[in-house]
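The values are calculated or read from the model by the stated rules, or taken from the named source; none is laboratory data. On a predicted model such as this, the values are computed, not experimentally measured, just so you know. All Cβ positions, glycine included, derive from the backbone under ideal geometry; neighbour counts span all protein chains shown.
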Amino acid sequence: MSPVKIEKDHKFFDRFLDNDLKSLTSFLENKMHGLENGLIPNITKEDFDVLENRSPATNLGSQYNIFQFHHEGLHNIYRAVSDMTKEACWYYGIDFDSQYYMIQGWFNFDNYQKPEPLPDDFLHDHLEGKGAPDFHGYYCVNAEPSNTYYKIGGIDGERFTNVNKNNRAVLSETGHPHGIQSWNEKDFRIPRGLSIIFCVVRTGFEPVTFVFWFRKSDYSPTRYPCAT
């Protein structure tokens, strides 16, 4: 396979996991407490205070990597992202082993209100939006009921609604701006909008703390059926 992708229609890849969401939620709440009190390496209390009301776990995402935290659920997500990336490379005709992929991840507590329907200027992209072989995705911890909206093909493309499901990881090539809708739930005692975001990139991107993946690719379409 070529290191350059074959031009194919956009496709979402997904995995449904069996993580203990209560345990994972508690773990991430503790990590939020750590961010707030300067207990996470490379992040000070002052860093958090500047962003206290502006999604600090998200906006500090370039200063930590969630996949360097130790929790069984995160290990499971890591493996799922690896599988999805291999499947995506197979689909786009990309040689996985030649990419030297790395993964960067952070988490969101998305409890603030946004206009509905979500305007295009609330959408965003990652890694310059150049498409495969760069990928982006998310995993829902407590994101029901909500949707993530994509503009397939770019900001002027067709809008697609991806219904969020807890314990599901979703991967897409970059180049399709996206955003999560506002919460309609009134009970904010439970952490709502809790999700884990990840970017899968090659070694050419170096501004954040990455974890290197194993290079060996063992993907086959029979072992990992295409997501629907």
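Before moving on, here are some points about what is shown:
- Cβ pairs under 6 Å, 6+ apart, first in segment 167-182 and over 22 Å from Gly73 (Cβ atoms), second among the small types (Gly, Ala, Ser): Glu173/Gly131; Glu173/Ala132; Thr174/Gly129; Thr174/Gly131; Gly175/Gly129; Gly175/Gly131; Gln181/Ser146
- Consider segment 66-102 and keep the residues that are polar (S, T, N, Q) and at pLDDT below 90. The one that is surrounded by the most Cβ atoms within 10 Å (Cβ to Cβ) is Gln99.
- Of the residues in segment 49-56, at least one is within 20 Å of the chain's Cα centre (by Cα) and on the phi < 0 side of the Ramachandran plot.
- Test: Thr148 is assigned to a strand (DSSP E or B) and either modelled with pLDDT under 90 or loosely packed, with under 13 Cβ neighbours inside 10 Å (or both): no
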